[in-house]
Amino acid sequence: MRVVVLVSGRGSNLQALLDARERLPIELLEVISNRPGVQALHRAEQAGVPATVLDHTGYSSREAFDQALGDHLEALQPDLIVLAGFMRILTPAFVRRFRGRMINLHPSLLPKYPGLHTHQRALDAGDREAGASIHLVTEELDGGPVIMQARVAVQPDDDADRLAARILPLEHQMLLQVVERMARGEIQCRDDQVFLNGERLEHPLALAG
Ligand code: GAR
């Protein structure tokens, strides 16, 4: 499976993929960042994976950036585009162009808390559980069908940073499990739907192990 990873910052999820790529049936074609100088780019370079910057501040509009990003991606012919800490909203036209081929990591138990500051919002709401989701990207922001979720219990002394630190390693594991199962054809995405062994996935999978 030909994989491209889109990033905007730290790139710890990217690192999990880089570390596991030898044992996964995938080819990591390229890492693309919309921000120059970020740690994720260094991680790609260290691992010998091509790293490209498409700086969104150099484009006159969201549409113009998405057009350039889309043209760049299309030339790579990826089977899967992983949004791993990619902190930009994508236009519907862009999403349609790569429909069924994009997954996003999101740090909440979707459909709860799309958008930003997810862990703080879970704490403010008094939630007893928090977590992260991997979902298929559709035109609705953080709204596509959820493929897998990882959950943790909220502890009385949690703050957003502590919660994030506990959830992050689970995101890494979840990303590897989803990518591997997609590469093996067990999980398939068509249009805006997710299938597990040919059956439509009705509920998110739970992180295994
Ligand atoms: C991850 O926690 C991911 O869930 C989140 O950004 C972090 C990236 O970490 N994504 C979003 O908030 C997307 N809206 P990383 O750069 O170390 O992989």
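Is there a residue in segment 57-75 that is in a loop (DSSP other than H, G, I, E, B) and surrounded by 20 or more Cβ atoms within 10 Å (Cβ to Cβ)? Within segment 57-75 (the criterion being in a loop (DSSP other than H, G, I, E, B) and surrounded by 20 or more Cβ atoms within 10 Å (Cβ to Cβ)), the answer is no, since none of the residues qualifies.
Somewhere in segment 134-154, is a residue of a type in the set (G, A, S), over 30 Å from R190 (Cα atoms) and at pLDDT 95 or above? Yes, because at least one residue in segment 134-154 is of a type in the set (G, A, S), over 30 Å from R190 (Cα atoms) and at pLDDT 95 or above.
Checking each residue in segment 174-194 for being closer than 23 Å to E27 by Cβ and in a strand (DSSP E or B) picks out I187, Q188, C189, R190, V194.
Screening the candidates I89, I81 for the property of being among the β-branched types (V, I, T), touching a strand residue (DSSP E or B) at 6+ places or on another chain (Cβ under 7 Å) and either in a loop (DSSP other than H, G, I, E, B) or buried (at least 17 other Cβ atoms within 10 Å of the Cβ) (or both) yields one hit, I81. So, in segment 5-26, of the ones that are within 15 Å of the ligand (Cβ to nearest atom) and β-branched (V, I, T), which residue ends up nearest to Q39 (Cα to Cα)? Looking at residues that are within 15 Å of the ligand (Cβ to nearest atom) and β-branched (V, I, T), I get V7.
Looking only at segment 122-135, decide whether some residue is among the aliphatic types (A, V, I, L, M), touching a His at 6+ places or on another chain (Cβ under 7 Å) and part of a strand (DSSP E or B). Looking through segment 122-135, at least one residue is among the aliphatic types (A, V, I, L, M), touching a His at 6+ places or on another chain (Cβ under 7 Å) and part of a strand (DSSP E or B).
Confirm whether E180 is acidic (D, E), surrounded by 14 or more Cβ atoms within 10 Å (Cβ to Cβ) and more than 24 Å from R96 (Cβ to Cβ). Spelling it out, E180 is indeed acidic (D, E), surrounded by 14 or more Cβ atoms within 10 Å (Cβ to Cβ) and more than 24 Å from R96 (Cβ to Cβ). Please specify each residue of segment 195-205 satisfying the condition of being surrounded by fewer than 18 Cβ atoms within 10 Å (Cβ to Cβ) and assigned to a strand (DSSP E or B). Listed by number, the residues that qualify are F195, L196, E199, R200.
Collect the residues in segment 16-31 that are under 13 Å from the mean Cα position of the chain (by Cα) and within 13 Å of L83 (Cα to Cα), keeping them in residue-number order. Correct list: L17, V31.
Say we look at segment 1-25 and pick out the residues that are in contact (Cβ under 8 Å) with a residue 40 or more places away in the chain, among the aliphatic types (A, V, I, L, M) and assigned to a helix (DSSP H, G or I); which of these is surrounded by the fewest Cβ atoms within 10 Å (Cβ to Cβ)? Here the answer is A20.
The values are calculated or read from the model by the stated rules, or taken from the named source; none is laboratory data. Note that the structure is a prediction, hence the values are computed from the model and not measured. With ideal geometry, Cβ positions are generated from the backbone for all residues, glycine too; neighbour counts draw on all protein chains shown.
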